[in-house]
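A.B. asks: Have a look at this one before I ask anything.
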Amino acid sequence: MKRVILIKYGELSTKKGNRNFFINTLYQNIKNKLKNFDISIYKDRSRMYIEFQDNDLELIKKKLDCVFGIHMYHIAYIVDTNIDSIKTLLVRLIQDLSFKTFKVETKRSDKSFPIHSQEMNHLLGGVVLKNKNHVSVDVHHPELFIKLEIREAHSYIYFNAYTGAGGYPIGTQPKGLLMLSGGIDSPVSGYLVMKRGVPIDCVYFEAIPHTSLDARNKVIQLSKRLAKYTTEVHLHIVNFTPIQEEIYKHCHPSYCITIMRRMMYRIMEKLADKYHGFAIVNGESVGQVASQTLTSMRVINEVTNMPVLRPLACFDKLEIIDLAKKIDTYNISILPYEDCCTVFVPKHPVINPSLEQAKKEEGKFDFLPMLDTAVETVDTVVVVDEEKEFSNLL
């Protein structure tokens, strides 16, 4: 009995004139994700089908669970589009299944097939009742959902349903640059923005010797978790130490975080120009810390004209933690290695900074050449969706 993985698009189906672009991008993403498997993929406007080797199925499912753009998928049995073949296959399949109640649902895409969907439901229901003892129909809460899709070339019978990652395929939007710290929030933000079709590069601001190589490794591991949802992630490591030391040498302590974030945004804009990014992405949540009040955001944002995406802006911390656990970044994020945003936090950071005062504080030292140096000396790590060692970076 030949099987295929039958993929349903979900939100992609709402697209009209550019629907093929979204489907073709999803097709290419799946092809890239499954490049190490012996598969064949074919598609139409409503479904995608993957032919596979049986012994690869569980590994393929793990890969597909991390592909954005898939609403749902099924392991479906292929059958010729004629009533006798469909009935014969169904009888064979139900013999090995244990259930007490069932429901049949038919989707007749091939309108030339002579039996309408509702009539087919009744006909196949009768086949099940005749060939399986002690079972009954339950249209509301069946133990077994029997689905039949009637198409011109082939038809498909399936029972299972696997929830996909949803969203849009990565690559249907231009690239964003994610400010990736070692905390809980920013990896979740990266996951959510990728779910909307945005490929990401990650940017880590490092302040050695004030931060450790363990902190760098922590961010690399977080990048690996994000790489599960694409093929690879470029992690750009910025040497932020000289800038941060100058800030804390010259600026009033209460304004140091504000000035630090303004410098980061300036660097992010330069990196976006260098790496063809269209937006800055971060893990800010309104009101969570001093630099994330609306007043602070406005003062910090003033240094850039780029869009700043904040997927977590209206999430509370418990919601963010739940998502971090879902995407398997939480246990890495809580490792006790501080990043440059936490190691120098003042006792009383300003909550409602003044733009005029922020400009006055950062005017106390010549930062422009330092920004250029930080961009020119970036180290880039290519993190792929595979197990690899990064000992050369540590």
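Readers should treat all values here as calculations from the given coordinates under stated rules, not as data from a laboratory. From a predicted model like this one, the values you see are computed outputs, not experimental measurements. Positions of Cβ are generated from backbone atoms using ideal geometry, with glycine treated the same way; all protein chains shown enter the neighbour counts.
A.B. asks: In Å, what is the Rg of the alpha-carbon atoms in the stretch 118-216, and how long is Dmax?
C.D. replies: 25.1, 75
A.B. asks: Right, another one. Would you mind calculating the gained length between Val382 and Lys326 on full extension (0.36 nm times residue separation, minus the Cα-Cα distance), in nm to one decimal?
C.D. replies: 17.8 nm
A.B. asks: Can I ask one more? Could you tell me the calculated FRET efficiency between Thr295 and Thr163, based on Cβ-Cβ distance and R0 = 45 angstrom, to the nearest 0.05?
C.D. replies: Details: r = 40 Å, r/R0 = 0.90.
Rounded to the nearest 0.05, the efficiency is 0.65.
A.B. asks: Go ahead and collect, in residue order, the members of the stretch 148-168 whose backbone nitrogen is under 19 Å from a label point 7 Å along the Cα-Cβ direction of Lys2.
C.D. replies: 148-159
A.B. asks: Once you have a ≥ b ≥ c as the square roots of the Cα gyration tensor eigenvalues for the stretch 205-322, tell me rounded if a/c is under 1.5, and otherwise prolate or oblate according to whether a/b is larger than b/c.
C.D. replies: Because its axes are fairly even, with a/c under 1.5, the stretch 205-322 counts as rounded.
A.B. asks: Let me ask something additional. Using the Cα centre as the reference, give the magnitude of the dipole from point charges on the C-beta atoms of the chain (Lys, Arg: +1; Asp, Glu: -1; all else neutral), rounded to the nearest 20 debye.
C.D. replies: Numbers: 50 positive and 46 negative charges, 270 e Å.
Dipole magnitude for the chain comes out near 1300 debye.
A.B. asks: Here is a follow-up. How many percent of all Cα-Cα pairs in the stretch 137-294 sit more than 26 Å apart? Display every interim value, and only then the final one.
C.D. replies: Values: 5282 of 12403 pairs.
I get 43 percent for the Cα pairs in the stretch 137-294 exceeding 26 Å.
A.B. asks: So if we plug the beta-carbon distance of Arg151 and Met72 into 1/(1 + (r/R0)^6) with R0 = 25 Å, what FRET efficiency do we get, rounded to 0.05? Don't skip to the answer; put the middle values down first.
C.D. replies: Working: r = 17 Å, r/R0 = 0.69.
Here the calculated transfer efficiency is 0.90.
A.B. asks: So, one more: What is the Cα convex hull volume of the chain when expressed per residue in Å³?
C.D. replies: Values: hull volume 63.6 nm³, N = 394.
So the per-residue hull volume is 161 Å³.
A.B. asks: Can you pull the one-decimal nm distance between simple spin-label points at Thr373 and His348, each 7 Å off the Cα toward Cβ?
C.D. replies: About 3.3 nm, to one decimal.
A.B. asks: Same structure again: Work out the FRET efficiency for Asp214 and Ser109 from their Cβ-Cβ distance, taking R0 = 45 Å, and round it to the nearest 0.05.
C.D. replies: Efficiency computed from Cβ-Cβ geometry: 0.25.
A.B. asks: Which residue, Tyr191, Met268, Asn133, has the largest displacement toward the positive end of the dipole of the chain when charges sit on each Cβ (Lys, Arg +1; Asp, Glu -1)?
C.D. replies: Going by the charge dipole, the pick is Asn133.
A.B. asks: Follow-up question, since we're still on this one. Restricted to Cα positions, what overall size does the stretch 3-163 have along the principal axes? Three whole-Å values, descending.
C.D. replies: Computed over the Cα atoms, the extents are 45, 35, 28 Å.
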